1. Would the range 44-112 count as rounded, prolate or oblate if I go by the C-alpha gyration tensor, calling it rounded below 1.5 in a/c and otherwise prolate when a/b exceeds b/c, oblate otherwise?
2. Quick one: if you take sqrt(5λ) for each eigenvalue of the C-alpha gyration tensor of the range 3-146, what semi-axes come out, biggest first, whole angstrom?
3. Under a 5 Å amide H to amide H cut-off, with H placed in plane at 1.01 Å, what residues pair with LEU55 once short-range neighbours are removed?
4. Of LYS30/LYS130; LYS30/LYS128; LYS30/LYS101; LYS118/LYS146; LYS118/LYS180, which pairs sit farther than 22 Å apart, going by alpha carbon to alpha carbon?
5. Through the Karplus equation 6.51 cos²θ - 1.76 cosθ + 1.60, θ set to phi - 60°, convert the phi angles of the range 22-31 into ³J(HN,Hα) values in whole Hz; use x for Gly and Pro.
6. Amide H of GLU105: which non-local residues (sequence gap of 5 or more, or other chain) have their own amide H closer than 5 Å, using H built in the peptide plane?
Amino acid sequence: MLLALATLSVLGASPDYSVVVARRLGLEPKRATELATSFADALEHQPTHPLGTLLPVDEAAAALERAGFPDTTVCSGSAPCVASLARVSGLARIVALQLVKVGSELAIDVSVVDVSGKILGVLTRSVKLKGANDELPALAAELIAKLPPPADAPVEVKLTPPTPPPAVEVTAPAMPVGRKVALGLGGGAVVALGVGVGLGVSALGQSKALSPLDPQFENKAAAARSAALGADLSYGLAAALALSALVAWLFTPQ
């Protein structure tokens with residue numbers, strides 16, 4: 001098959017998984033590839049994990065390019081698309097990275113998708129872009145802890161059969177909780193922005209009405225400064241809520 005696969009076969013092991021960048025926003029391709037390579041290395045340095053044998057990131061990218069997938073970010077984090085990458089590269093599973101740069105922050109979403117499209121584990125974190133590489137070992141360990149054990153792992157046998165679960169009424173799927181949280185945060189951002197605009201207009205009006213000859217000049221000047229400070233705080237809160245809403249919306253599975 002491919003050179004990388006043939007080499008591993010000679011060594012007695014075929015690759016089971018690789019790491020690909022399935023979405024990239026605001027980040028240079030080279031930097032995204034470096035993060036994917038570093039995360040693959042962090043996974044391989046875990047004491048144990050159920051992912052199997054790694055196909056290095058550069059070899060997986062070359063194999064996918066030859067198979068007609070030169071840019072894996074076209075998947076936009078879609079599990080069926082990531083599963084198709086696993087199929088064409090002959091892998092059992094793919095560790096898909098979604099990387100979104102927001103200012104000096106980097107939002108990282110990691111999902112492990114098997115060849116059938118099933119999501120085995122998901123992890124989302126926001127880290128400082130400058131020190132993102134230092135955060136990867138901890139993220140790798142946390143992701144491994146979320147994954148199911150390998151199929152050949154010992155299974156505990158329970159002598160007493162479990163109590164059957166209660167009947168559950170089947171209803172139509174609702175909006176994911178993460179999307180609801182994002183909408184709530186967005187609404188909060190709009191409210192905070194409105195408060196900031198109101199305070200800003202009030203502060204401007206009070207400032208224009210000030211006169212050094214007014215006996216209440218000091219009190220009125222202090223009130224104008226307080227209104228301006230409140231406006232600045234409201235603008236900052238609105239920006240923080242809007243950023244949180246964006247991250248929650250982008251990384252909530254559909």
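Rule-based calculations on the coordinates, nothing more; no lab input. A quick note: this is a predicted structure, and the numbers were derived from the prediction, not measured.
1. Working: a/c = 1.78, a/b = 1.14, b/c = 1.56.
It is oblate, given that a/c is not under 1.5 and a/b is not larger than b/c.
2. Working: eigenvalues 103, 57, 39 Å².
Square roots of five times the eigenvalues give 23, 17, 14 Å.
3. Distant-sequence amide H within range of LEU55: ASP16, TYR17, SER18.
4. With Cα atoms farther than 22 Å apart: LYS118/LYS180.
5. So the Karplus estimates, Gly and Pro as x, are 8, 7, 8, 10, x, 10, 5, x, 5, 5 Hz.
6. LEU129
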